Amino acid sequence: MASSSTASKPKWATVNTTLPARPLPLNSCRVPVTTDRLIIRALDAQDLDSLHLIRTQPEVMVNHPQGRIDRDLDETRPKLDLFLPPSDASHYNFAICSKETGEMIGIGGCHQLKSMFGWPAMGYMFRKEFWGKGLATEFTRAWLDMWCKLPREEAHIEVDQRSVPEGEGKVLEVMTAFTTAGNLASQRVLEKSGFERFLVWEEADLRNPDVQITLVAYRYFPSKQLAN
Ligand SMILES: CC(C)(COP(=O)(O)OP(=O)(O)OC[C@H]1O[C@@H](n2cnc3c(N)ncnc32)[C@H](O)[C@@H]1OP(=O)(O)O)[C@@H](O)C(=O)NCCC(=O)NCCS
């Protein structure tokens, strides 16, 4: 997996758009959302063991920039702390739990309010036992709905022009996501959830900088959902 800080040859431009109003709701104010099979709720310090279980599955971490499993709980702890108070206004990331058992089976949402394209970015990881059942798609659709329902404010931000459709005037707000070219499952999840592909590029693989890796970027337009 490549760095999340650059996309080769960005073309920066300052645009007028919208974004969810800051500060984002703190964890303590996030009301759990229930879907057919999932509960999407705020992350909590007690989720450490569950997050560790996810992050110690090689099949999950092979697609992560870290490229390896966490060594121990002490390596997982700061990864969870990123999403707990006092850092909870800087993300919209959630625990994904089985509605049937209550156990945390994944983590997902917006982990980065300013990604390599200047826009927020979303992502997800599920424990391998829960793959292939449509749960990531169920989560992504529900989470996008939560994101779209956040109150908006005007924003004047720098973005990579390749992430926005060409045109004059105010730019439609974008949510981004990116995957390795080989992660077909994640690409399918994004496409089934309303994302469209806008860029494919190559850069050094963080897991082995001597190797070039192909990455695929996706965008989603919250205002199009709001208009429906
Ligand atoms: C990516 C991930 C979230 C997918 O979760 P999931 O719950 O299995 O996803 P869903 O079941 O909702 O959808 C997967 C889709 O991809 C398809 N798919 C899975 N593997 C595929 C493959 N090798 N080639 C083509 N399509 C594939 C499935 O058939 C399904 O599409 P369908 O519903 O049209 O049949 C899960 O594999 C995961 O956690 N991986 C590790 C972390 C990760 O890669 N995160 C994303 C980083 S960008």
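The values are calculated or read from the model by the stated rules, or taken from the named source; none is laboratory data. Remember, predicted model here, so these are calculated numbers, not experimental data. Cβ atoms come from the backbone with ideal geometry, glycine included; neighbour counts cover every protein chain shown. Side chains are part of the model used for accessible areas, which takes the heavy atoms of the whole protein and leaves out ligands, DNA and RNA. Shrake-Rupley method; radii C 1.70, N 1.55, O 1.52, S 1.80 Å.
Across the range 126-158, the number of residues qualifying as part of a helix (DSSP H, G or I) and either away from the ligand (no atom under 16 Å from the Cβ) or open to solvent by less than 70 Å² (accessible area, probe 1.4 Å) (or both) comes to 15. Where strands (runs of 3 or more DSSP E) fall wholly inside the range 165-228, the ranges with 1 or more residues that are exposed (fewer than 13 other Cβ atoms within 10 Å of the Cβ) and more than 16 Å from the ligand (Cβ to nearest atom) are 196-205, 208-220.
Residues that are over 14 Å from Pro85 (Cα atoms) and open to solvent by less than 20 Å² (accessible area, probe 1.4 Å) within the range 36-46 comprise Leu38, Ile40, listed in sequence order.
Cβ-Cβ distances below 7 Å connect the following pairs, each with a first residue in the range 31-60 that is touching a residue at least 24 places away in the same chain (Cβ under 8 Å) and in a loop (DSSP other than H, G, I, E, B), a second residue that is of a type in the set (Lys, Arg) and open to solvent by 20 Å² or more (accessible area, probe 1.4 Å), and a separation of six or more residues or different chains: Arg37/Lys99; Gln57/Arg127; Gln57/Lys128. When Lys99 is tested against (1) over 19 Å from Phe198 (Cα atoms); (2) within 8 Å of the ligand (Cβ to nearest atom); (3) out of contact with any Phe, Trp or Tyr (no Cβ under 7 Å at 6 or more places or on another chain), exactly one condition is not met: (2). Taking the condition open to solvent by 70 Å² or more (accessible area, probe 1.4 Å), within 23 Å of Leu206 (Cβ to Cβ) and of a type in the set (A, V, I, L, M), does Leu82 pass? Spelling it out, Leu82 is indeed open to solvent by 70 Å² or more (accessible area, probe 1.4 Å), within 23 Å of Leu206 (Cβ to Cβ) and of a type in the set (A, V, I, L, M). If the condition is being among the polar types (S, T, N, Q) and at pLDDT 95 or above, then the range 181-212 contributes Asn183, Ser186, Gln187, Ser193. When Pro10, Pro65, Pro25, Pro78 are checked against the criterion of being assigned to a helix (DSSP H, G or I) and on the phi < 0 side of the Ramachandran plot, Pro78 stands alone in meeting it.
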